[in-house]
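The values are calculated or read from the model by the stated rules, or taken from the named source; none is laboratory data. Since the model is a prediction, treat every value here as computed from it, not as a measurement. Reconstructed Cβ throughout: ideal geometry from the backbone, glycine too, with neighbour counts over all protein chains shown. Quick note on the areas: whole protein, heavy atoms, side chains included, nothing else; ligands and nucleic acids left out. Shrake-Rupley method; radii C 1.70, N 1.55, O 1.52, S 1.80 Å.
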Amino acid sequence: MKQDPAKKAAGEKAAEYIKSGMTIGLGTGSTAYYTILRIGELVRGGMQLRAVATSAQSTQLAMEQQIPIISFDQVEKIDLDIDGADEADEQLQLIKGGGGALLREKIIAAAATEMLVVMDASKLVKRLGKFPLPVEIVPFGWELTFRKLMALGAAPVLRKKENDVFITDNGNYILDCHYGEIAAPVALHAQLNSIPGVVDNGLFLHYATRLIIGYEDGTVRSLSR
Ligand code: 5RP
């Protein structure tokens with residue numbers, strides 16, 4: 001994979017918040033990738049950690065890095081979740097799910113005491129919505145869910161991978177919804193999740209406790225609540 005200095009700087013910086021004994025949530029994507037590599041170094045250097053991962057892809061990477069992955073019945077609490085984002089605003093509201101892992105990412109973020117978001121500076125926006133909002137839906141009757149979203153002005157597009165429908169780790173589909181700008185994210189979140197067939201959407205409104213923003217020159221800036 002081609003190195004990205006901004007993502008690498010943010011991803012590696014986040015690992016500095018990890019303390020021995022913690023249970024860590026491992027995010028998904030090309031920025032969380034750098035965090036997982038750094039955590040692997042910490043573990044191989046002797047730090048005692050346990051982790052849960054937000055996708056099959058991150059589970060695989062964590063295992064290659066010898067990071068102990070525990071099953072959910074062993075999880076009492078998640079101390080720190082470190083994940084990427086597709087967009088973030090200065091109120092620490094996020095759009096996630098560009099990689100298709102939004103549901104597992106949200107379950108883990110909701111269970112975590114703190115959520116660090118690792119991202120390059122291009123993802124910091126004044127208002128969410130330029131990035132199409134991923135909405136995870138069940139395959140059953142998906143055309144009806146699609147039409148419902150269309151009627152609500154979401155301009156949904158069924159996500160494809162090459163010529164096939166993209167399937168999430170949970171066996172679901174994703175509709176990428178084009179709003180342009182999201183003026184009322186709390187209301188939109190509630191509206192989307194009240195539609196039968198919608199499993200969840202990529203608005204993460206109250207989870208992030210800190211953004212770690214990486215720049216091309218390798219510097220980072222941090223924004224917290
Ligand atoms: C996956 C995600 C990712 O965190 C998001 O897409 C950011 O990815 P990247 O760091 O590769 O830009 O939400 O579902």
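Some notes on this structure:
- Between 0 and 90 degrees, the angle of helix 32-44 with respect to the longest Cα principal axis of the chain falls at about 30 degrees.
- Applying 1/(1 + (r/R0)^6) with R0 = 22 Å to the Cβ-Cβ distance of ILE70 and ALA110 gives a FRET efficiency near 0.80.
- Between the C-alpha center of the range 139-193 and that of the range 1-41 there is a gap of 29 Å.
- Chain lengthening between LYS160 and ALA56 when straightened (0.36 nm per residue, less Cα-Cα): 35.6 nm
- With respect to the chain, whose longest principal axis is taken over its alpha-carbon atoms, helix 142-151 is tilted by about 70°.
- Checking every one of the GluC sites (Glu not before Pro) in the range 78-129 against DSSP loop status and a limit of 15 other Cβ atoms within 10 Å picks out GLU90.
- Coordinate range along principal axes, alpha carbons of the range 16-56, Å, largest first: 25, 17, 16
- Rounded FRET efficiency, nearest 0.05, which uses the C-beta distance separating GLU41 from ARG221 and R0 of 22 Å: 0.40
- Average accessible surface area per residue within the range 133-198, 1.4 Å rolling probe, Å²: 54 Å²
- The string of couplings for the range 125-134 from the Karplus curve (6.51, -1.76, 1.60, θ = phi - 60°) is 10, 6, 9, 5, x, 5, 6, x, 7, x Hz, one whole number per residue in order, with x for Gly and Pro.
- 0 to 90° range, to nearest 10: angle between helix 5-14 axis and the chain longest Cα axis: 70 degrees
- Spread of Cα-to-Cα distances over 5 Å intervals beginning at zero, given as percent, for the range 76-153: 3, 14, 20, 20, 18, 12, 9, 3, 0
- Among ILE67, ILE195, ILE36, residue whose mean-square fluctuation peaks in a GNM of the chain (springs only between Cα atoms under 10 Å): ILE195
- Estimated purely from DSSP H runs of n ≥ 4, each contributing -39500 (n - 2.57), the mean residue ellipticity at 222 nm for the chain is -8000 deg cm²/dmol once divided by its residues.
- An oblate overall shape is assigned to the range 118-166, the ratio a/c of its alpha-carbon gyration tensor axes (a ≥ b ≥ c) being 1.5 or greater and a/b not exceeding b/c.
- Percent carbon-and-sulfur accessible area, the chain, ignoring ligands, DNA and RNA, probe 1.4 Å: 53 percent
- For LEU80, residues with placed amide H under 5 Å, excluding near neighbours: THR23, GLY25, THR113, GLU114
- If the convex hull is drawn through the Cα atoms of the range 133-198, its volume per residue in Å³: 89 Å³
- Build a GNM of the chain with springs between Cα atoms under 10 Å apart, and of LEU152, LEU92, LEU192 the one that fluctuates most is LEU152.
- Its relative contact order, with pairs defined as Cα atoms under 8 Å and 6+ residues apart, puts the range 109-225 at 38 percent.
- The chain: most fluctuating residue of THR28, THR54, THR168 per GNM, C-alpha cutoff 10 Å: THR168
- 20 Å Cα-Cα threshold exceeded, pairs from LYS2/LYS126; LYS96/LYS160; LYS7/LYS160; LYS2/LYS106; LYS7/LYS161: LYS2/LYS126; LYS7/LYS160; LYS2/LYS106; LYS7/LYS161
- A full extension of the chain between SER30 and ASP169 corresponds to an added length of 48.3 nm, given 0.36 nm per residue minus the alpha carbon distance.
- Dimensions in Å of the chain - Rg and Dmax from alpha carbons: 17.2, 55
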